[in-house]
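Each remark here refers to the structure printed beneath this line.
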Ligand SMILES: C[S@@+](CC[C@H](N)C(=O)[O-])C[C@H]1O[C@@H](n2cnc3c(N)ncnc32)[C@H](O)[C@@H]1O
């Protein structure tokens, strides 16, 4: 594609042959979809989203050949799909759409799964893997890291209470696009599905003496103030992670990782 400096980079796109016209179309499609879609920031988020069946109407790259090489190397299972979808656009055009462009120079938009489908997955009777509940989390990076853990362990879903949007772009970035590998929704404590609720708290019973059932809700408190009163009232068990005296608590995502690991050690449904 030939380079020319223009007000917004679009004339440059129109001048190219074949694929360049596709670039113009793709940028228009991006602008139409951006407000309601989920931003997939970087190659890895796009790779995971495609792998787990996300609807990706538009995917852009500053250097398509470099992105294809990454796919051939790291994700041959989706390399063909990625190559078919990626449209190359100049860096200034992509940065105008995504100001803090990921180092891989790749960005895409995906449709957000229907809330009804996520609620059905989270509330399904006879779930064989736990639902993670984050009770009023504050930190977007923590929420993303937890969604990544939930995806890795095959958890039935992640439900958050409180004001944090678990589909915020920073959460999706932290989760590396793995929102599409589990079910992620914001709920109130009253809306949480049935199932034995194990709430993690340093004052609870030592987790090493327990087997966490496959259909458990595993709940974790906020970074700032721990479990809310409403969540404590709904809890069936308070559970603690081993921790030496004088250490107040573990990081939220670390606590989820340890708890899922403990569940997995006793479950036939763990990966
Ligand atoms: C950073 S901690 C919250 C610290 C907060 N200042 C408090 O008062 O509890 C976030 C969450 O991680 C979990 N957590 C952290 N350390 C834990 C431990 N040793 N045992 C059980 N849960 C723990 C709890 O669910 C806690 O609410």
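A short reminder: the numbers here are calculations on the coordinates, not readings from a lab. Predicted, not measured: the structure shown is a model, and the values here were computed from it. Virtual Cβ from ideal backbone geometry, glycine too; neighbours counted across all protein chains shown.
The alpha carbon centroids of segment 57-77 and segment 214-271 are separated by 37 Å. Put a dot 7 Å past the Cα of residue 261, heading toward its Cβ, do the same for residue 32, and the two dots end up 4.8 nm apart. Mean-square fluctuations from a GNM of the chain, with a 10 angstrom spring cutoff on Cα atoms, peak among 49, 114, 176 at 114.
Rg/Rh for the chain (Cα atoms only, Rh after Kirkwood) is 1.06.
Cβ crowding within 10 Å, taken as a proxy for footprinting-reagent exposure, orders 241, 231 from fewest neighbours to most as 241, 231. Here the Gaussian network model covers the chain, with springs between Cα atoms less than 10 Å apart; of 142, 251, 118, 251 fluctuates the most. Here the gap between residue 100 and residue 63, fully extended at 0.36 nm per residue and compared with their Cα-Cα distance, gives a gain of 11.7 nm.
Cα axis of helix 64-74 to longest principal axis of the chain: angle in degrees, 0 to 90, nearest 10? Tilt relative to the chain: about 40 degrees. Summarising the overall dimensions of segment 43-178 from its C-alpha atoms, the Rg and Dmax are 16.0, 50 angstrom. Note on residue 190 and residue 268: their simple-model spin labels are 4.0 nm apart, each label 7 Å out from Cα toward Cβ. Looking at segment 41-177 alone, DSSP beta bridges between its own residues are antiparallel in about 40 percent of cases.
Find the relative contact order for the chain and round it to a whole percent, using C-alpha pairs within less than 8 Å whose residues are 6+ positions apart.
18 percent
Once you've got the GNM for the chain with C-alpha springs shorter than 10 Å, pick whichever of 37, 181, 233 has the biggest mean-square fluctuation. Most flexible of the set in this elastic network: 233.
A simple spin-label model places the labels of residue 83 and residue 25 2.0 nm from each other, with each point 7 Å out along Cα-to-Cβ.
With the helix formula -39500 (n - 2.57) applied to DSSP H stretches of n ≥ 4, the chain reaches a computed 222 nm mean residue ellipticity of -11500 deg cm²/dmol.
The residue 124 and residue 168 beta-carbon pair, evaluated with R₀ = 25 Å, returns a calculated FRET efficiency of approximately 0.45.
Only beta bridges with both residues in the chain are counted; by DSSP, about 30 percent of them are antiparallel.
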